[in-house]
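Asks: Handing you a structure now.
The values are calculated or read from the model by the stated rules, or taken from the named source; none is laboratory data. Source: prediction; values computed, not measured. Backbone-built Cβ (ideal geometry, glycine too); neighbour counts: all protein chains shown. Just the protein is used for accessible areas: all its heavy atoms, side chains included, with ligands, DNA and RNA removed. Shrake-Rupley method; radii C 1.70, N 1.55, O 1.52, S 1.80 Å.
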Amino acid sequence: AALRAFGRAQRFGYKGNHPGMRTASFANMPEFRPMRRRVEALVGERLPYWFAAFQLSRANDTDNAIHRDYPTYKYSAVLYLTPGAPCRFGTSTYRHLSTGLVSYPNQEDAWRRNTTVEVLRDTLQDDSTEDKYEEMDRVGNRYNRLILFNSRLNHRSSGKGAFGRAVDGRDGRLVMIMFFHTHDLRGPENSILWHDE
């Protein structure tokens, strides 16, 4: 409840290629470091570069393309923070229909399909709508549930991705979104990841 209250009190001022709005990252706050350490324990490796923000979306938010968070991030996590949320508005993974890929392509995927990683990557990027994919798995939106997954997976918010119509977002889909990596691909000048020793 305290984390939800903290999240709802923040300024949601960042719009990207995701449904709704996000806050600034709170990865630099010492109070959030135990979350990163817990994720490190789960995956068995150090993840000193990370991002942690709150995201609020409502029923009228439409940006909900199927995507991958890789290569910028190695792991993605979602913490659901809306009590009594409709379970169907969780997170889904997808298989791309024409290539059969369930994740960001690697060299073996390219060899099997007699093409290049770049061509497969561009195909997945261009095919971001639901009709180009089939849903493979869905994790339900359950208050206080944290899901952690490989950032290579094709994924997005389930269904239309959000619910609620109140202007203040009190009945919307509130989540804490987190990303982790072993290093920072963008470098310190362009980074959006916080380096946490």
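Asks: Report the far tail of the P(r) of the stretch 1-50, meaning the percent of Cα-Cα pairs longer than 12 Å.
Replies: More than 12 Å apart: 72 percent of the Cα pairs in the stretch 1-50.
Asks: Using label points projected 7 Å from each Cα along Cα→Cβ, tell me how many nm separate residue 126 and residue 114, to one decimal.
Replies: Computed distance between label sites residue 126 and residue 114 equals 1.9 nm.
Asks: Relative contact order, percent, of the chain when contacts are C-alpha pairs under 8 Å separated by at least 6 residues?
Replies: Once divided by the residue count of the chain, the mean separation gives 36 percent.
Asks: A further question follows. Relative to the compact globular guide of 2.2 N^0.38 Å, what is the alpha carbon radius of gyration of the stretch 1-105, as a ratio?
Replies: 1.19
Asks: If you don't mind, another one. In square angstrom, what is the accessible area per residue of the chain with a 1.4 angstrom probe?
Replies: Here the per-residue accessible area is 52 Å².
Asks: Calculate I(q)/I(0) for the chain by the Debye formula, one identical point scatterer on each C-alpha and no solvent, and give its log10 at q = 0.16 Å⁻¹ to two decimals.
Replies: One equal scatterer on each Cα of the chain leads to -1.08.
Asks: Counting Lys and Arg as +1 and Asp and Glu as -1, what is the net charge of the other residues whose Cβ lies under 13 Å from the Cβ of residue 146?
Replies: Charge balance near residue 146 sits at +4.
Asks: Per DSSP H run of n ≥ 4, the term is -39500 (n - 2.57); total these for the chain, divide by its residue number, and report the mean residue ellipticity at 222 nm rounded to 500 deg cm²/dmol.
Replies: -5000 deg cm²/dmol, from helical runs alone.
Asks: Using the Cα atoms of the stretch 83-165 to build a convex hull, what is its mean projected area in square nanometres?
Replies: With the hull built on Cα positions only, its mean projection is 6.2 nm².
Asks: Further question: Take peptides 6-14, 95-103 and line them up by average Cβ neighbours within 10 Å, highest first, as a rough protection proxy.
Replies: Top of the packing list down: 95-103, 6-14.
Asks: Suppose every Lys and Arg Cβ carries +1 and every Asp and Glu Cβ carries -1, with no other charges. What dipole size does the stretch 31-82 come out with about its Cα centre, to the nearest 20 debye?
Replies: In total the dipole reaches around 220 debye.
Asks: Moving on. How large a share of the accessible area of the chain, in percent, is made up of carbon and sulfur atoms when the probe is 1.4 Å and the other protein chains stay in place?
Replies: 49 percent
Asks: On to the next question. Given the peptides 174-183, 109-118, arrange them by the average over their residues of other C-beta atoms within 10 Å, most packed first.
Replies: Final packing ranking: 174-183, 109-118.
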